Amino acid sequence: MTVPSELAAGAVLPARTLPPQTRTDIVRYQGASGDFNPVHHDDDFARSGGMPGAFSVGMLQAGLLATYCTDLFGATAVRRFAVRFAEQVWPGDVLTCAGVVREVRDEAGARVAELDLAISRADGGVAVSGTATVRLED
Amino acid sequence: MTGHPAEARVGETLLSYEMPVERGKVREFALATGSADPAYQADDAVVPPTFLTASAFWEPTDGPSLVERLGVDLPRVLHGGQEYSFPGELPRVGDELAVDVTIESVTVKEGKRGGSMTFLVVLTTFRRGSHDGPVVAEGRSTVIERSAG
């Protein structure tokens with residue numbers, strides 16, 4: 001997966017579709033992040049709150065979208081990363097990361113791009129939308 | 001004025017603690033967010049963009065929780081959004097980060113179907129070395145509380 005060589009406003013980043021999200025993926029993220037809210041792994045607990053069952057952690061989708069950025073632009077490129085949570089993600093969902101370049105500019109001697117990002121469910125809409133500021137390699 | 005109890009605490013430091021950036025935790029977090037980038041495996045690895053959410057592990061375990069300090073009612077609360085920004089050199093494995101949590105703003109929006117929603121922006125500032133050190137990251141969490149009833 002590589003960035004288009006002539007990166008300019010309007011450039012579409014290559015989309016990435018992930019394998020179906022498993023409960024193990026969710027539990028692994030909960031362990032890594034320290035968010036042990038049982039609504040994300042305990043069906044009975046989630047149902048007691050009126051949900052159909054356990055659902056994914058919004059910040060996991062944020063992390064997957066961040067990895068999409070660092071895989072495209074490099075681990076040290078992301079200077080700002082922001083997300084808004086929209087739709088729940090459920091075990092088995094197939095998610096696709098996508099992005100568009102909104103602006104490319106020079107800032108303090110470096111080329112910087114502003115990105116509009118989204119991670120979407122195959123059976124639904126946008127789960128998490130986001131924006132990022134990335135520093136481009138020379 | 002919103003009348004929300006959090007408004008009186010805007011700008012006040014709610015929590016203050018230290019967070020060492022550990023190699024194993026960075027590797028674990030990178031793998032959990034689908035990254036196989038070797039940059040996250042090194043003994044001086046930089047942190048992934050959303051890694052600092054794991055600062056929750058280092059919150060003090062004595063005294064009231066952050067939710068209690070914010071004065072919000074958890075069953076009515078949603079995490080609306082999250083931002084991380086890095087003004088300088090990224091945090092790396094081996095860094096000792098000094099963490100301070102404040103409420104940046106409290107605003108109320110009237111809902112379309114009656115009721116209202118209170119938006120709290122919770123600012124977490126990460127400084128390298130000490131609480132007087134250079135800011136290496138800021139986290140902004142948008143916490144939304146629906147009105148009761």
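The values are calculated or read from the model by the stated rules, or taken from the named source; none is laboratory data. Computed from a predicted model, the values in this text were never measured in an experiment. Because the Cβ atoms are built from the backbone with ideal geometry, glycine has one as well, and the counts that use them run over all protein chains shown.
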Going through (1) over 18 Å from the mean Cα position of the chain (by Cα); (2) more than 12 Å from chain B (Cβ to nearest Cβ); (3) free of Cβ contacts under 8 Å to residues at least 60 places away in the same chain one by one, A:Glu103 fails only at (3)
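To keep it simple, each residue is scored yes or no on (1) touching a Phe, Trp or Tyr at 6+ places or on another chain (Cβ under 7 Å); (2) modelled with pLDDT of 90 or more; (3) closer than 27 Å to A:Thr131 by Cα.
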{"site": "B:Asp73", "(1), (2), (3)": "no, no, no"}
{"site": "B:Pro87", "(1), (2), (3)": "no, yes, yes"}
{"site": "B:Pro91", "(1), (2), (3)": "yes, yes, yes"}
{"site": "B:Glu96", "(1), (2), (3)": "no, yes, no"}
{"site": "B:Lys112", "(1), (2), (3)": "no, no, yes"}
{"site": "B:Met117", "(1), (2), (3)": "no, yes, yes"}
Of those in the range B:31-58 that are at the interface with chain A (Cβ under 7 Å from one of its Cβ atoms) and part of a loop (DSSP other than H, G, I, E, B), the residue nearest to A:Leu60 (Cα to Cα) is B:Thr33
Residue hits (the range B:82-104; in contact with a helix residue (DSSP H, G or I) (Cβ under 9 Å, 6 or more places away or on another chain) and polar (S, T, N, Q)) are B:Gln82, B:Thr102
Going through (1) surrounded by fewer than 22 Cβ atoms within 10 Å (Cβ to Cβ); (2) within 14 Å of chain A (Cβ to nearest Cβ); (3) in a loop (DSSP other than H, G, I, E, B); (4) at pLDDT 95 or above one by one, B:Thr61 fails only at (4)
Screening A:Val39, A:Val78, A:Val94, A:Val128 for residues that are under 24 Å from B:Val93 (Cα atoms) and within 14 Å of chain B (Cβ to nearest Cβ) leaves only A:Val78
Exercise. Can you confirm whether the range B:72-79 contains a residue that is within 27 Å of A:Pro19 (Cα to Cα) and under 14 Å from the mean Cα position of the chain (by Cα)?
Key: yes
Note on the range B:64-118: residues under 30 Å from B:Ala39 (Cβ atoms), away from chain A (no Cβ under 14 Å) and among the aliphatic types (A, V, I, L, M) are B:Leu97, B:Ala98, B:Val101
Taking the range B:4-30 and keeping only residues that are without any contact (Cβ under 8 Å) to a residue 40 or more places away in the chain and either more than 14 Å from every other protein chain (Cβ to nearest Cβ) or closer than 18 Å to B:Asp100 by Cα (or both), one is left with B:Ala8
Worksheet item: Are any of the residues in the range A:10-20 touching a residue at least 40 places away in the same chain (Cβ under 8 Å) and crowded, with 19+ Cβ neighbours inside 10 Å?
Response: yes
Counting only residues in the range A:16-41 that are modelled with pLDDT under 95 and part of a loop (DSSP other than H, G, I, E, B), the one nearest to A:Ser129 (Cα to Cα) is identified as A:Asp35
Note on the range A:109-132: residues buried (at least 19 other Cβ atoms within 10 Å of the Cβ), among the β-branched types (Val, Ile, Thr) and out of contact with any Phe, Trp or Tyr (no Cβ under 7 Å at 6 or more places or on another chain) are A:Ile119
